[in-house]
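The block underneath contains the structure these notes are about, expressed in structure tokens.
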Amino acid sequence: MTTDPLRYLGAELQALREQGSALDIRILGGAQAATATIDGRSVVNLSSNNYLGLTTHPRLKQRALEAIERYGVGTGSVRPIAGTMDLHEELEQRLAAFKQTEAVVVFQSGFTANAGTVSSVLGREDVVVSDELNHASIIDGCRLSRATIKVFPHKDVGAARKILRELPASQRKLLITDGVFSMDGDLGPVAALCEVAEEYGAIMMVDDAHASGVFGRNGRGTVDHFGMHGRVHIQVGTLSKAIGTLGGYVAGSRTLIDFLRQRARPFIFSTSPPPAVVAASIAAVDVLMEEPEIIERLWENTRFFKAGLHAIGFNTGASDGPITPVIVGESAAALHFSARLFEEGVFAQGMAFPIVPRGKARLRTIVTAAHTTDELQYALDTLKRVGIELGIV
Ligand SMILES: Cc1ncc(COP(=O)(O)O)c(C=O)c1O
């Protein structure tokens, strides 16, 4: 009997649990909804990215069912071999028109869109200049590219400029920011970074995962929100959050997209998104264009919930949108707060180091367009009661 060469993982897992960094994965017993059955309990759900409630929208479900009937459940191939259906092409054309760019390429996730893009447009001779709080998929893309990575402090445009200024003019460089930061809900300084990128001839890239369907006209994202059309060379969006399905995409010039279709490794070497997902995503674009009142409802709910949190006296950081952190401080305190809320019928996931910086552990709350005022009021009342009980407010 040989010893298990993976036994060291047990000790590492134990260490994660002891430092409060291991997330307990909760189980949904039904749809991703504003009030959902999670771990067998009916709770007000403040932890999904289902901003517009589209995971259960009738138009998306109908299109998905029709696509299954016509195309089956899988594509059976990667895009460049036999896995490109007319549906994929239709979605890409719809998204390009929506984003007002020449072209779009769809990936299996926002993660693979970011990682596959950064790693294919940059090489070992290049430099990437990246916000310290950019998403893990950007960080992985940077590492895979083998470019030199230079990180600037969160939203510090002056620091980004200084890094770019010190690089030779002939140096190829990419300046990259999240449009909305996923743990704090704050907007990236997209307009100011565009100026800096232009000043120093850098490629400008924005990851709009949390802005897609949320910011900009009809949810077109931060480039639209800040009026930066034509000034961001690479826009990444996700279909997995507000759009309610699964997938990611890159919007940009025809040349960029044609290049990614030849070189981005997740596009070439991983099977394409299934037809039901693609068809539902097309229906989601229709919904964004034809039912903008859903986005307005998201913003009404966001304003209502934030005002309630402020009135209670929670520290909600610098959020600009529907993601609102309730910053507690110590990891154990944040996770205990989350666990007590869950017992009282509210699911607000606790986030601890290393997902967020040490001393900034929090609840990460996200309201959606699907929440009723009663559900949000119940959540606020419960947050207040449990917050007082635990000495957080
Ligand atoms: C900022 C950001 N970028 C990219 C992603 C990845 O998107 P997806 O879930 O579609 O892979 C996420 C999701 O967690 C995110 O928060």
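The values are calculated or read from the model by the stated rules, or taken from the named source; none is laboratory data. Note that the coordinates shown come from a computational prediction; the quantities given were computed from them, not determined experimentally. Virtual Cβ from ideal backbone geometry, glycine too; neighbours counted across all protein chains shown. Heads up: the accessible areas ignore ligands, DNA and RNA and are worked out on the full protein's heavy atoms, side chains in. Shrake-Rupley method; radii C 1.70, N 1.55, O 1.52, S 1.80 Å.
Comparing THR372, VAL127, PHE347 along the charge dipole axis of the chain, the residue lying farthest to the positive side is VAL127, per the Cβ-charge model. With all protein chains present, how much of the accessible area of the stretch 58-290 (probe radius 1.4 Å) comes from carbon and sulfur, to the nearest whole percent? The value for the stretch 58-290 is 52 percent carbon and sulfur by accessible area. Taking amide H as placed 1.01 Å from N in the peptide plane, the amide H of VAL393 sits under 5 Å from that of ILE388, each at least 5 places away or on another chain.
GLU291: net charge of surrounding residues, Cβ under 12 Å, Lys/Arg +1, Asp/Glu -1, itself excluded?
Numbers: positive: ARG59, ARG297; negative: ASP286, GLU290, GLU293, GLU296.
Summing Lys/Arg as +1 and Asp/Glu as -1 gives -2.
A Förster radius of 35 Å combined with the Cβ-Cβ distance from GLU290 to ARG41 puts the calculated FRET efficiency at roughly 0.45.
Which peptide among 143-153, 321-331, 10-20 comes first, and what is the full order, when sorted by highest mean count of other Cβ atoms within 10 Å? Don't skip to the end; give the middle numbers.
Values: 143-153: 16.7, 321-331: 22.1, 10-20: 11.4.
Ranked from most to least packed, the peptides come out as 321-331, 143-153, 10-20.
A simple charge model with +1 on the Cβ of Lys and Arg, -1 on the Cβ of Asp and Glu and nothing else charged puts the dipole of the chain at about 680 debye relative to its Cα centre. Backbone geometry of the stretch 217-224 corresponds, through the Karplus equation with coefficients 6.51, -1.76 and 1.60 at θ = phi - 60°, to 3J(HN,Hα) couplings of 4, 6, x, 6, x, 6, 4, 6 Hz, x marking Gly and Pro. Close amide H partners of ASP186, meaning residues 5 or more places away or on another chain with modelled amide H under 5 Å apart, are PHE181, ASP320.
Suppose we keep just the DSSP beta bridges with both residues in the chain; what percent of those would be antiparallel, to 5?
Antiparallel bridges make up about 55 percent of those DSSP assigns within the chain.
Accessible surface calculations at 1.4 Å, restricted to protein heavy atoms, place the chain at 44 Å² per residue. The phi torsions of the stretch 119-127, fed into the Karplus equation with coefficients 6.51, -1.76 and 1.60 and a -60° offset, translate into couplings of 6, 9, 7, 10, x, 5, 7, 9, 10 Hz, rounded to whole numbers, with Gly and Pro shown as x. Ratio of Rg to Rh for the stretch 58-290: 0.98 [Cα atoms; Kirkwood radius as inverse mean 1/r over pairs]. Computed over the chain, relative contact order equals 22 percent, with contacts defined as Cα pairs under 8 Å that lie 6+ residues apart.
Using a cut-off of 28 Å between alpha-carbon atoms, which lysines can reach LYS61, once sequence neighbours fewer than 8 places away in the same chain are excluded? Cross-link targets: LYS99, LYS241. Per residue, the average separation of C-alpha pairs within less than 8 Å and at least 6 apart gives the stretch 31-178 a relative contact order of 15 percent.
Excluding residues on the same chain fewer than 8 positions from LYS162, give the aspartates and glutamates whose Cα lies under 20 Å from its Cα. Once the sequence-local aspartates and glutamates are set aside, what remains near LYS162 is GLU125, ASP126, ASP131, GLU132, ASP178, GLU195, GLU198, GLU199. If R0 is 25 Å, the Cβ-Cβ spacing of GLU199 and GLN93 corresponds to a FRET efficiency of close to 0.15. Remark on ILE38: its backbone amide H falls under 5 Å from those of GLY29, VAL43, a criterion applied only to residues 5 or more positions apart or on other chains, H modelled at 1.01 Å from N.
How much FRET efficiency would the formula 1/(1 + (r/R0)^6) give for THR255 and GLN62, where r is the Cβ-Cβ distance and R0 is 30 Å, rounded to 0.05?
Numbers: r = 37 Å, r/R0 = 1.22.
Computed FRET efficiency for THR255 and GLN62 comes out at 0.25.
Converting phi to 3J(HN,Hα) with the Karplus coefficients 6.51, -1.76 and 1.60 and the offset θ = phi - 60°, the stretch 238-248 yields 10, 9, 8, 10, 4, 6, x, 10, 7, x, x Hz in sequence order, with x at every glycine or proline.
Just from its helices, what would the mean residue ellipticity at 222 nm be for the chain, if runs of 4 or more DSSP H residues each count -39500 (n - 2.57) and the sum is divided by every residue, rounded to the nearest 500 deg cm²/dmol? Value at 222 nm, helices only: -13000 deg cm²/dmol.
Rounded to the nearest whole Å³, what is the per residue volume of the convex hull around the Cα atoms of the stretch 151-234?
Numbers: hull volume 6.8 nm³, N = 84.
Taking only Cα atoms, the stretch 151-234 has a hull volume of 81 Å³ per residue.
Contact order for the stretch 58-290, expressed relative to its length and based on alpha carbon pairs under 8 Å spaced 6+ residues apart, stands at 31 percent.
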